[in-house]
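Structure first, then comments.
The values are calculated or read from the model by the stated rules, or taken from the named source; none is laboratory data. Note that this is a predicted model, so its numbers are computed, not measured. Methodologically, a virtual Cβ is constructed for each residue, glycine included, from the backbone with ideal geometry; neighbour enumeration extends over all protein chains shown. For the accessible areas, the whole protein counts, side chains as well, though only heavy atoms, and no ligand, DNA or RNA atoms are used. Shrake-Rupley method; radii C 1.70, N 1.55, O 1.52, S 1.80 Å.
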Amino acid sequence: MREFTYERVRTAAEATSALALNPGAKYIAGGTNLLDLMKLQIEVPTHLIDIRDLDLKGIDPTADGGLRVGALVTNTDLASDRRIKQDYAAISRAIVSGATGQLRNKASTAGNLLQRNRCPYFYDTDQPCNKRVPGSGCSAIGGASRGLAVIGTSPACIATYPGDLVVALRLLDASVEMVAVDGTQRTLPISEFYRLPGDTPQIENALAPGELITAIILPPPLGGRHFYQKVRDRASYAFALVSVAAVLHVDGTGRVAFGGVAPKPWRVEEAEQALAEGPEAVVEIAFADAAPTEQNAFKVPLAARALASVIAQSKEANNAL
Ligand SMILES: Cc1cc2nc3c(=O)[nH]c(=O)nc-3n(C[C@H](O)[C@H](O)[C@H](O)COP(=O)(O)OP(=O)(O)OC[C@H]3O[C@@H](n4cnc5c(N)ncnc54)[C@H](O)[C@@H]3O)c2cc1C
Ligand code: SF4
């Protein structure tokens, strides 16, 4: 690990001011992703700004009937909150499908959003990787790509966004609240927060340098039955090969978002109109532009089967009413 200095701040203003004074600095929350990357010297901050004391640990009602989730709410606290379990169950289910209890106790909401990808070549510093060293090439194209993306990719990068929580947040149309180093606040829909790789795969989201995430805003509850189905190589402690977050209503309408398949959570609203025709019809539209590799072409039919399973669970629950 490279040498770095460290400070612990108490307010968002202190955090952004500290960042402005230290251009090579990074915020640290739970540290469950950043510290691993620092040990491998993939992230090399010269200064760490520890934000864990900021007053961003509340889950509070918003004026329109939604919830404001502070950036430092732990994954465990978010998943177990009574209102989240009742009205936003896709979030609870997505979180508990990931990592381990120990990690979820430490991991923060904002840190979860900003976790880096799990492409094997990103972690192997002897291999070219455009995301780690822009312009060096992409070892995954023509290499091991089984776990990587099938849609939204570019000739520069085919990595997936690896997380679970964000797939549920995209399903529910959550927004990200941020404050810039000059104190300017803004809120961006999560649909606009993540970027596709294009020819700059090192830029993964819309966060400006030094911008601090302060909260996630959840719109009023959608109702319906919530699902998060994660397909992976091991039953626990593994990232999604394919995941499906869904809200399904008794009349057969609903929303669907996929994880593990693209550089960002993948939701195509137009595809949701085909729910009545079945999972294959939804996947045909949602993955119309898929360009999988030979090794990961299985992900498209797997997405249809995962969605079929969710639809079957929903019908079974409706029949039991
Ligand atoms: C073994 C293992 C298995 C895992 N499995 C899963 C899984 O199955 N599913 C899943 O979704 N995740 C999984 N994770 C990832 C885990 O969820 C993330 O590591 C965690 O959510 C990151 O949160 P953190 O608070 O520890 O972030 P940190 O490591 O502290 O920070 C991560 C990044 O976010 C930045 N940051 C943090 N807070 C803010 C803020 N408020 N504003 C701006 N920038 C900020 C940091 O500068 C850093 O760049 C796994 C992790 C490990 C180590
Ligand atoms: S897929 Fe992306 S992260 Fe993986 S080697 Fe290529 S550029 Fe790097």
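Identify all residues within the range 12-35 that are open to solvent by less than 40 Å² (accessible area, probe 1.4 Å) and part of a loop (DSSP other than H, G, I, E, B); write none if there are none.
Scanning the range 12-35 gives Gly24, Ala29, Gly30, Gly31, Asn33.
Which of (1) under 17 Å from Asn105 (Cα atoms); (2) of a type outside the set (Gly, Ala, Ser); (3) within 23 Å of the chain's Cα centre (by Cα) does Asp53 not meet, given it meets every other one?
(3)
Of all residues in the range 160-189 being open to solvent by less than 10 Å² (accessible area, probe 1.4 Å) and touching a Ser or Thr at 6+ places or on another chain (Cβ under 8 Å), which is nearest to Pro263 (Cα to Cα)?
Applying the filter and picking the extreme gives Val167.
Regarding the range 96-106, can at least one residue be identified that is under 26 Å from Ala208 (Cα atoms) and more than 16 Å from ligand 2 (Cβ to nearest atom)?
yes
Which of the residues belonging to the range 107-137 are away from ligand 2 (no atom under 16 Å from the Cβ) and open to solvent by 30 Å² or more (accessible area, probe 1.4 Å)?
Gly111
Conditions first: (1) over 15 Å from Gly254 (Cβ atoms); (2) open to solvent by 30 Å² or more (accessible area, probe 1.4 Å); (3) of a type in the set (Gly, Ala, Ser). Ala304 passes all but one, so which condition is the exception?
That leaves (2) as the condition not met.
Residues are listed down the side, and each one gets a yes or a no for (1) without any contact (Cβ under 8 Å) to a residue 40 or more places away in the chain; (2) closer than 30 Å to Gly143 by Cα:
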position	(1), (2)
Leu241	no, yes
Asp251	yes, no
Ala262	no, yes
Ala281	yes, no
Ser309	no, no
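Take the residues in the range 222-246 that are under 15 Å from Val310 (Cβ atoms) and in contact with a Phe, Trp or Tyr (Cβ under 8 Å, 6 or more places away or on another chain), then tell me which one is surrounded by the most Cβ atoms within 10 Å (Cβ to Cβ).
It comes out as Val244.
Out of (1) in contact with a helix residue (DSSP H, G or I) (Cβ under 6 Å, 6 or more places away or on another chain); (2) farther than 30 Å from Val310 by Cα, the odd one out for Thr62 is which?
Exception for Thr62: condition (1).
Quick check: is even one residue across the range 157-179 in contact with a Leu (Cβ under 8 Å, 6 or more places away or on another chain), over 28 Å from Val268 (Cβ atoms) and either away from ligand 2 (no atom under 13 Å from the Cβ) or in a helix (DSSP H, G or I) (or both)?
Yes, there is a match, as at least one residue in the range 157-179 is in contact with a Leu (Cβ under 8 Å, 6 or more places away or on another chain), over 28 Å from Val268 (Cβ atoms) and either away from ligand 2 (no atom under 13 Å from the Cβ) or in a helix (DSSP H, G or I) (or both).
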